[in-house]
Amino acid sequence: MNEIFTIKNIIIYFIIINLIGFLIMYIDKQKAKKGHWRIPEKTIFLITLLGGGIGTIIGMYTFRHKTQKMNFVIGLPVITILEIIAIIYFIVIK
């Protein structure tokens, strides 16, 4: 049986989750402009926690969305940096 957690699959996962993070910021911005139902902030943080931090941060600044909220301006990069440190740590230990 082939292993699920191959480098290739992990890279594909990170590409997809970051695309989702980017798109979720775009969709929420469009909904905000139109006054429609919004994506919950918890969902944006969850996508970031699942590895989509780079996508959500790029989306935040590309679409100028949530840039006035300090919990996003500080929170998203802190989560992303901690995840990168954890990944580096586990790569070095392995």
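The values are calculated or read from the model by the stated rules, or taken from the named source; none is laboratory data. Keep in mind that this is a model prediction, so the values were computed, not measured. Heads up, the Cβs are rebuilt from the backbone with ideal geometry, glycines too, and the neighbour counts pull from every protein chain shown. Remember, those area values only see protein heavy atoms, side chains included, never the ligands or the DNA or RNA. Shrake-Rupley method; radii C 1.70, N 1.55, O 1.52, S 1.80 Å.
What number of residues within the stretch 15-48 are over 15 Å from Y61 (Cα atoms) and either open to solvent by 70 Å² or more (accessible area, probe 1.4 Å) or in a loop (DSSP other than H, G, I, E, B) (or both)?
13
Kindly establish whether I74 is open to solvent by 70 Å² or more (accessible area, probe 1.4 Å), out of contact with any Ser or Thr (no Cβ under 7 Å at 6 or more places or on another chain) and β-branched (V, I, T).
When the stated conditions are applied, I74 passes them.
Suppose we filter Y61, Y89 for residues that are under 22 Å from I11 (Cα atoms), open to solvent by 70 Å² or more (accessible area, probe 1.4 Å), free of Cβ contacts under 8 Å to residues at least 40 places away in the same chain and of a type in the set (F, W, Y); which single one remains?
Going through Y61, Y89 in turn, the sole match is Y89.
From the list I79, I47, I84, I54, which one is within 24 Å of I7 (Cα to Cα) and at pLDDT below 95?
I84
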